[in-house]
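Down below is the structure, laid out as structure tokens.
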Amino acid sequence: MSITLPNERMLIVALGLCLSVLGIFALLSETSQRRPVGAIDTDRLAAIASNTDRPGLSTASQLGFLFECRRAMTSIVGRAQPSSLRDEVSRSCLNSALEMTTRSPTFSVAWLTAAVAAVQLRDWPAFERSIEKSYITGANEQWVAELRVDLVSDHRDRLDEALLSAHRADLILLLSHDRGRQFLADRYVALTAFRDEIDTILPSLDESVSRRFLNLAERREVRRQRQIDAQTR
């Protein structure tokens, strides 16, 4: 029969109280950092720029913050702000994203957000490092690959051979799945350079995969032409 000494009891009680306090702190932190998903306004931009807007501890809170950062940097409202505020927002988002990767080195979308911020700041070495890490840590994440393709397609001239190969792997991943083909089809019919890039990849894929994508792109092109014709009548 074991006997718990008074000092041991006090230690257990103190430890329990500490854990309770930490739990309450974490809950309050998460609650205070919850934000509705929606349009970015100038108040939110100012909060991000001043670094007073911090994500909570959970992955959901951090993802919400990263997506908000992306909207802050790339939305019409964000782009319409003075260059000084845009730079402050981008710098804050870059630092916050890199802080997350320090705690979670495999957090691919945080690396990607850092790459987006680096583009806004024209910090090309930071862009190259961050996008490389996103490729490495999120090679098989389709939704992250979609975001990377959108970013990289406008900055292919900044990619070395290794990064171009990783970009090509993203395109192959997306072409190999229905969701990815849906994502690529509209860009394929609308953007000549993008279409040329995809056309160099299609012959290397299984014929049935290539055919499914081309059939989808053809339907999208027909729909696009009908929309253009309707607008010009």
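Some notes on this structure:
- All positions within segment 167-193 that are under 16 Å from residue 155 (Cα atoms) and of a type in the set (Lys, Arg): 168, 187
- Taken over segment 39-69, the criterion of being under 13 Å from residue 92 (Cβ atoms) and either surrounded by fewer than 15 Cβ atoms within 10 Å (Cβ to Cβ) or in contact (Cβ under 8 Å) with a residue 40 or more places away in the chain (or both) is satisfied by 45, 48, 49, 50, 51, 52, 54, 55, 66, 69.
- Pairs linking a residue in segment 75-103 that is more than 13 Å from residue 120 (Cα to Cα) to a residue that is assigned to a helix (DSSP H, G or I) and not small (Gly, Ala, Ser), with Cβ atoms under 6 Å and 6 or more positions apart or on different chains, are 97/113; 100/62; 101/111.
- Close pairs (6 angstrom Cβ cut-off, 6 or more residues apart or separate chains): part of a helix (DSSP H, G or I) in segment 207-233, exposed (fewer than 11 other Cβ atoms within 10 Å of the Cβ) anywhere: none
- Filter result for the condition that a residue is among the hydrophobic types (A, V, I, L, M, F, W, C) and more than 30 Å from residue 224 (Cα to Cα), over 184, 112, 175: 112
- Residue 131 surrounded by 15 or more Cβ atoms within 10 Å (Cβ to Cβ), assigned by TED's automatic domain parsing to the domain that holds residue 95, in contact (Cβ under 8 Å) with a residue 24 or more places away in the chain and not polar (S, T, N, Q): yes
- Residue check, residue 184 touching a Leu at 6+ places or on another chain (Cβ under 7 Å), on the phi < 0 side of the Ramachandran plot, assigned to a helix (DSSP H, G or I) and not aromatic (Phe, Trp, Tyr): yes
- Of everything listed in (1) outside the structural domain of residue 62 (by TED's automatic domain parsing); (2) farther than 22 Å from residue 201 by Cα, the single unmet condition for residue 144 is (2).
- Verdict on residue 101 being outside any helix (DSSP H, G or I), in the same structural domain as residue 64 (by TED's automatic domain parsing) and in contact with a helix residue (DSSP H, G or I) (Cβ under 7 Å, 6 or more places away or on another chain): no
- Taken over segment 104-140, the residue count meeting the criterion of being assigned to a helix (DSSP H, G or I) and not aliphatic (A, V, I, L, M) is 15.
The values are calculated or read from the model by the stated rules, or taken from the named source; none is laboratory data. Because the structure is a prediction, the values reported are computed rather than measured. When we count neighbours, we look across all protein chains shown, and the Cβ atoms used for this are built from the backbone with ideal geometry, even at glycine.
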